[in-house]
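One structure below.
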Amino acid sequence: MALRDWFPKYRQDVVLLAVDLVGTFVFAVEGALAGIRGELDLLGLLVVSFVTALGGGTVRDLLIGAVPPNSIRDWRYGATALAGGGAVFCFYQSFQHVPQQLLITLDAAGLALFAMAGAGKALEFGINPMIAVLMGVLTGVGGGTIRDVLMTRVPGILNTDIYASAALAGAAVMVIGLALKVPRTIAMTVGGVCCFVLRMVAVARHWNLPKVISH
Amino acid sequence: MALRDWFPKYRQDVVLLAVDLVGTFVFAVEGALAGIRGELDLLGLLVVSFVTALGGGTVRDLLIGAVPPNSIRDWRYGATALAGGGAVFCFYQSFQHVPQQLLITLDAAGLALFAMAGAGKALEFGINPMIAVLMGVLTGVGGGTIRDVLMTRVPGILNTDIYASAALAGAAVMVIGLALKVPRTIAMTVGGVCCFVLRMVAVARHWNLPKVISH
Amino acid sequence: MALRDWFPKYRQDVVLLAVDLVGTFVFAVEGALAGIRGELDLLGLLVVSFVTALGGGTVRDLLIGAVPPNSIRDWRYGATALAGGGAVFCFYQSFQHVPQQLLITLDAAGLALFAMAGAGKALEFGINPMIAVLMGVLTGVGGGTIRDVLMTRVPGILNTDIYASAALAGAAVMVIGLALKVPRTIAMTVGGVCCFVLRMVAVARHWNLPKVISH
C-alpha cells in the first residue's frame, strides 16, 4: 500500500497504482478465505477482507502521523478490498480451485510489496531507520494479525513460520541500502526480492524460527 | 457520539447533547451487563462500559484525523460511560428486571444515532462518502467489537444477526440523501429510521446474513 | 514512559531518561516471559516485548494527539524493549532464577512510573484531569492488555487483582495534588508511592476487587 505516496512525482503513474491495488486485492482474497473457514457471514467476510488488506497500512499511517490514513483518504483501496471479499463470496467454488502454490506466491509478492512500501513511507515521514523497518513489517503483517485477533486466534506471526521475519529482512536490506546511498529503486527492488525469496524458500523447506522451551 | 460536533451552530443545544449522552449511557449499560456475564471485576466492568460506549467513536476520530477524539476531549462522555457501568454494578438486581425488548429497542435507537452521527462527522472532515458510510458503521459497532475482542469472543457482528448491516444501510441512505441535496436533518432522520426499523424487524424475524459453506 | 517529555527543561537529564528506559526494559522482560510461556517463537517474543513495554504509551500518545508517539519518534525506547526481549531469549535459564518477589517489585515500580508519566503527559497536552487519570492507567496497563489480547487471553486487569486500580489511585492522587497547586515533583512522588504501595500490599494480602455475581 501507499507505493504511490512514496513516489510523489509518479503520483499519476497507473502502473504503480495498479501494483498497489493488486496487492490489496490479493490480501483481501486471503482475508475472505480465512473468514469463510471461520464461518463468518457476508458482512463479517467483508470486514476481515478490509482489515486484512488495509489494517497494517492504516495502523502504520496512524503511528507515523500520516492522518487520515491512506485507506481512509483514497476510496480506491477500500473499494478494492471490498471487491476482493465480494469476489470470494460470489465465486467461492472457483477460488477453491486456485492452486495453493499460486496463493502462496502471490501472498509472498504482496508481503514484499507492502513491507517495502511501508518502510519507505515511514522514512519519508522522517521516522528513524530502525523504526522504519518495523513499520515495514507492520504494513506487511499487521492486517493479518488484526484479522486473527478479531477471529480470536493467536496470530500466526507470533508462533509459526518465517513470514514477518522475511518482511523484516527485506525491509532492513532496503533501509540499509538507502543509508549507503544506493538509488531508491534499486534498494527497494533488492529488498523486495530478498523478502520474496526468503519467504518462498522458508515455505518450501518448512523453516521455522527458534523457540525457547519453557518448563 | 459527536452529534454536537456535527451541528456546530447548535453546539450549546442541550437537547442534542442529552440525546448523545443518553446513547452513550445505553451502550455503557450493555457493555457492563456483558462484563458481568463475563465475570469481570468492578474495574473490568468500568473498562468494558467505557470501551463499548466510546470505542467506536474514538477509533473513527483517530482515523478521520479528529484528534484528540471526542471521548478524550470532552470529559462528559467518559463520565457518562463510567456512570452507566457504575449504575449496573450498584443496581444489578434492578437492571436484570429491565425487559429484554426494551434493551433491544434502546440499543437499536443508539445504533441508529451513532451510525448517523459517525457518518456525518466523517463527511464534515472531508472523507469520501463511501468511506464515510463505513465510518458510520464503525461508530455504531466498533465499541462492542473491541469489547468482544477484549473478552476473547468472536465479535457478534462478524457472524450473527443483522446489526452492522442495519447501520450500513442507514448510513448509506443518509449519505446518498445528502449527495442528492436532501436537507441534512431530513437525510439524517430518514437514515436513522431505516437503521432502527431494519434492526427491529431483523430481531423480530430472526434474520441473518448469508454465509458461504466451506467444505 | 515519556518522563522526559514531561520535564522539557530536563530534556537532557540522563537520570530521567535512564529511569524511563529501565522501566521499559522491565516491562519488556515481563512481556518476553509471558511470550515464552505462550510458546511464541523468537519473533513473536520480540513482538510481545515491544508491545508490553511500549503499547500503553503508544495508544495514549495517539489519543492525546502526541503524534508520532514517543515509541516511534525516539528509537531508544524500541531498542530497549527489543533488548529486553532478546535478553530473555538468550538467557532464559538465568531469568528463571530471578526471584518472583523481585519481578513483582520491579513491575510495581514500573507501573507507578508509567502511570505518573502518562497522566502527566496527558495534562501537558491539555487533557481534562479526569481523562488524564485514565490516560495514566492506560500507560501503565495498556501494553500488557494488548499483549494478552494478541495471545487470546482475557486481559488480567479485567478480572483479577489490584493492578490497574493501583495505577488509577496513584494517578488520581497526583492529578488532585496538582490541582491543589502542590509542586509537580512532590505530587508525582506521592502519587507514585501510593500506586507502588497499594500494588505491593494488594499482592501480599491477595486483595481483589469486588465482582457482581450473575445468575
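Coordinate-derived values only; no laboratory data. Everything numeric here is computed off the predicted structure, so don't read it as measured data. For neighbour counting, all protein chains shown are included, and Cβ atoms are generated from backbone atoms with ideal geometry for every residue, glycine included.
Summary of values
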{"read-out": "Long pairs among B:Lys121/B:Lys181; A:Lys181/A:Lys211; B:Lys121/C:Lys121, criterion Cα-Cα beyond 25 Å", "value": "A:Lys181/A:Lys211; B:Lys121/C:Lys121"}
{"read-out": "Inter-copy separations for C:Gly126, label at 7 Å along Cα-Cβ, nm, ascending", "value": "2.0, 2.0"}
{"read-out": "Relative contact order [Cα under 8 Å, 6+ residues apart], chain C, whole percent", "value": "21"}
{"read-out": "Value of [θ]222 nm, deg cm²/dmol, for the protein assembly as shown, DSSP H segments ≥ 4, -39500 (n - 2.57) each, nearest 500", "value": "-25000 deg cm²/dmol"}
{"read-out": "Proximal charge balance of C:Val67 [Cβ under 10 Å; K/R count +1, D/E count -1]", "value": "0"}
{"read-out": "Distance in nm between pseudo-label sites at C:Leu103 and B:Ser94 (7 Å out along the Cβ direction from Cα)", "value": "4.5"}
{"read-out": "Intensity falloff of the stretch C:1-130 expressed as log10 I(q)/I(0), Debye formula with alpha-carbon point scatterers, at q = 0.10, 0.14, 0.15, 0.21 Å⁻¹", "value": "-0.32, -0.61, -0.69, -1.20"}
{"read-out": "Shielding by partners - mean other protein chain Cβ count within 10 Å, residues of A:45-55", "value": "2"}
{"read-out": "Total formal charge among the other residues, if their Cβ is under 13 angstrom from that of B:Ala202, Lys/Arg +1 and Asp/Glu -1", "value": "-1"}
{"read-out": "Fluctuation leader among A:Ile176, A:Ile162, A:Ile186 - chain A, Gaussian network, Cα springs under 10 angstrom", "value": "A:Ile186"}
{"read-out": "Residue with peak Gaussian network fluctuation, chain A [Cα springs, cutoff 10 Å], from A:Arg199, A:Arg147, A:Arg184", "value": "A:Arg184"}
{"read-out": "Neighbour net charge for A:Thr152 - beta-carbon separation under 10 angstrom, K R +1, D E -1", "value": "0"}
{"read-out": "Among B:Pro183, B:Pro129, B:Pro155: highest mean-square fluctuation, GNM of chain B, C-alpha pairs under 10 Å", "value": "B:Pro183"}
{"read-out": "Share of alpha-carbon pairs per 10 Å distance bin for the protein assembly as shown, given as whole %", "value": "3, 16, 27, 28, 19, 7, 1, 0"}
{"read-out": "The stretch C:81-180: chymotrypsin sites (Phe, Trp or Tyr not before Pro) in DSSP loop, at most 12 other beta carbons within 10 Å", "value": "C:Phe91"}
{"read-out": "Kirkwood-type radius of the stretch C:82-215, with distances r between different C-alpha atoms, in Å", "value": "15.9"}
